[in-house]
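Some notes on the structure that comes next.
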């Protein structure tokens, strides 16, 4: 018992001692994070005020101050904070953190190492921050006006080299940062990096498409004979890499379409069954060949997997006119209905009256439907289009003049999404009529009911049955 | 027993048979599956936001956002793939959807913050793509 009492007394004495004298103990050592905090630039009161002011003026602004050297674990914490500041859209905090990090190129190199060696393997937030930080470093170091002493070209080359070892999904994100990095209007990955990228592409054949994708802005802004020669070699030697073909062919078509277009069409024909390669060739033609030559070429190659390419051509200056001219030629000759359909799919900027006219005169039901689909896509439709839709559907039994119910439903669905007011109401009535018509196919009636459902009051189809099944 | 065998016979006749190829010789090919595909139109913008580093205006992070995306459904094509006793024939066309995309601030679940993301919404049907199917050749072919 005496022992217990003695212990209690000891504890009380220790507590009192801590309360009164604990504050006199030396402070614990600063943590690395605290050490990394910006320090005061001036020693207080040790200089004459005018001399101090002169020195202060020579110092960089407070935001540009770099922290003291930090431990590796601080770097990971910093990357996490970068990702969090990005997610919270805290521009000031993000700018401050990146300034702190980018002030030390060696730390950015360390970030790259961490990313490529799997050092951030289990830390998604830090990985995300690392990608953002490297993207910012690429743009920042490429600028002529930043205050950091760094070999920007060497840093970019290190990132290019490290890219092969960065695991997915950050690999694609980092490639995207490389592609998008720029100083003002100038992309960082300019022609000076072409040789290096092609070398790395050869060193990592399993990642050839990834490295090819980095050439996109070089291909678009090529004005150099040597670069063109490199792209010609790439096109001729890498015929099975769709990205390389797309970019190199686009560069060659911009420089000399008449020489390269026949070869492109031959490669397209040889690529039967290779959809990505065919798509790459068609994309290059649509975006890079002169619009008249491109519309003629795409009409020759047309298939229904080329909506993107025809739309791209239609958006280029003079593209819509070139597509319309080619359509008129084919319509006059009465040939190639599939090519006519795809040419019409690119006429998204044409007036509704023109598209309604095509749907009234073209002899093929697929082209007639396409004209109404193109016109009703992404813009409000007028009464003329609804009149034509109902007229064509009324003649659905005559393939030479009408369009089928399945096709008419698609057009009405477009009007429903993109129009409002009277035309949307007409589209609703049209769909409701089909949904309730027992003479129509069950599949079409169900499709009409499903298209309508989000636009009708709840319970509209509560007691409906189509083909013996309730409309859910 | 007689009723039972009549019922079995009727039932057998009523069961729908696989579509068959009536024309002359059987080509011995089948339809080839083509997976769904998304193609993007035009140049992209970046759904990030700008920051100032050493006084330089930089655009940070963010997904690439294309204005339009075409969505091709999974379908089948006749590519001459060998298959004894079947033929590849056209099937009804399938719709190709178009989506309009733009950068928007989208809430991140459970964090209370919104981040810039590429947000796509349905714009309608851009056109139709040909489909195909495999059918049995008729017994006489």
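Determine if segment A:401-416 includes at least one residue that is touching a strand residue (DSSP E or B) at 6+ places or on another chain (Cβ under 8 Å), in a loop (DSSP other than H, G, I, E, B) and modelled with pLDDT under 95. Checking segment A:401-416: not a single residue is touching a strand residue (DSSP E or B) at 6+ places or on another chain (Cβ under 8 Å), in a loop (DSSP other than H, G, I, E, B) and modelled with pLDDT under 95.
Yes/no per residue for (1) surrounded by fewer than 22 Cβ atoms within 10 Å (Cβ to Cβ); (2) under 28 Å from residue A:311 (Cα atoms):
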position: A:378; (1), (2): yes, yes
position: A:424; (1), (2): yes, yes
position: A:434; (1), (2): no, no
position: A:448; (1), (2): no, yes
position: A:471; (1), (2): yes, no
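For (1) surrounded by fewer than 22 Cβ atoms within 10 Å (Cβ to Cβ); (2) touching a helix residue (DSSP H, G or I) at 6+ places or on another chain (Cβ under 8 Å), each residue gets a yes or a no:
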{"site": "A:130", "(1), (2)": "no, yes"}
{"site": "A:137", "(1), (2)": "no, yes"}
{"site": "A:163", "(1), (2)": "no, yes"}
{"site": "A:168", "(1), (2)": "yes, no"}
{"site": "A:172", "(1), (2)": "yes, yes"}
{"site": "A:175", "(1), (2)": "yes, yes"}
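Checking A:243, A:237 one by one, the residue that is within 14 Å of chain B (Cβ to nearest Cβ), surrounded by fewer than 21 Cβ atoms within 10 Å (Cβ to Cβ), without any contact (Cβ under 8 Å) to a residue 60 or more places away in the chain and farther than 30 Å from residue A:146 by Cα is A:243 and no other.
Only residues that are at pLDDT 90 or above and either within 11 Å of chain A (Cβ to nearest Cβ) or part of a strand (DSSP E or B) (or both): list them for segment B:79-91, please. B:80, B:81, B:82, B:86, B:87, B:88, B:89, B:90, B:91, listed by residue number. Taking the listed residues A:409, A:431, the one that is in the same structural domain as residue A:358 (by TED's automatic domain parsing) and free of Cβ contacts under 8 Å to residues at least 40 places away in the same chain is A:431, with no other qualifying.
Conditions tested, residue by residue: (1) in a helix (DSSP H, G or I); (2) closer than 17 Å to residue B:57 by Cβ; (3) away from every other protein chain (no Cβ under 11 Å).
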position	(1), (2), (3)
A:82	yes, no, no
A:92	yes, yes, no
A:132	yes, yes, no
A:147	no, yes, no
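Take the residues in segment B:24-39 that are outside any strand (DSSP E or B) and under 29 Å from residue B:120 (Cβ atoms), then tell me which one is nearest to the other protein chains (Cβ to nearest Cβ). Out of the qualifying residues, it is B:35.
Taking (1) within 24 Å of the chain's Cα centre (by Cα); (2) away from chain B (no Cβ under 11 Å); (3) more than 16 Å from residue A:190 (Cα to Cα) in turn, residue A:156 satisfies each apart from (3).
Does residue A:120 qualify as being assigned by TED's automatic domain parsing to the domain that holds residue A:172, surrounded by 22 or more Cβ atoms within 10 Å (Cβ to Cβ) and part of a loop (DSSP other than H, G, I, E, B)? It is true that residue A:120 is assigned by TED's automatic domain parsing to the domain that holds residue A:172, surrounded by 22 or more Cβ atoms within 10 Å (Cβ to Cβ) and part of a loop (DSSP other than H, G, I, E, B). Scanning segment B:57-67 for residues that are buried (at least 20 other Cβ atoms within 10 Å of the Cβ) and at the interface with chain A (Cβ under 7 Å from one of its Cβ atoms) yields B:58, B:60, B:61. You will find that of A:222, A:277, A:252, the residue that is at pLDDT 85 or above and over 21 Å from residue B:39 (Cα atoms) is A:252 and no other. Taking (1) assigned by TED's automatic domain parsing to the domain that holds residue A:114; (2) more than 16 Å from residue A:139 (Cα to Cα); (3) touching a helix residue (DSSP H, G or I) at 6+ places or on another chain (Cβ under 6 Å) in turn, residue A:197 satisfies each apart from (1).
Selection of segment B:51-69 for residues being modelled with pLDDT of 75 or more and under 28 Å from residue A:103 (Cβ atoms) yields B:51, B:52, B:53, B:54, B:55, B:56, B:57, B:58. Checking the conditions here, which among A:267, A:263 is closer than 30 Å to residue B:79 by Cα and without any contact (Cβ under 8 Å) to a residue 12 or more places away in the chain? The match here is A:263. Exactly one residue out of A:413, A:378, A:404 is facing chain B (nearest Cβ under 9 Å) and farther than 27 Å from residue A:318 by Cα: that is A:413.
Residues that are within 22 Å of residue A:418 (Cβ to Cβ), away from chain B (no Cβ under 14 Å) and buried (at least 19 other Cβ atoms within 10 Å of the Cβ) within segment A:325-351 comprise just one, A:350.
The values are calculated or read from the model by the stated rules, or taken from the named source; none is laboratory data. Here the structure is a predicted model, which means the values were calculated and not measured. Glycine also receives a Cβ, built like all others from the backbone with ideal geometry; neighbour counts cover every protein chain displayed.
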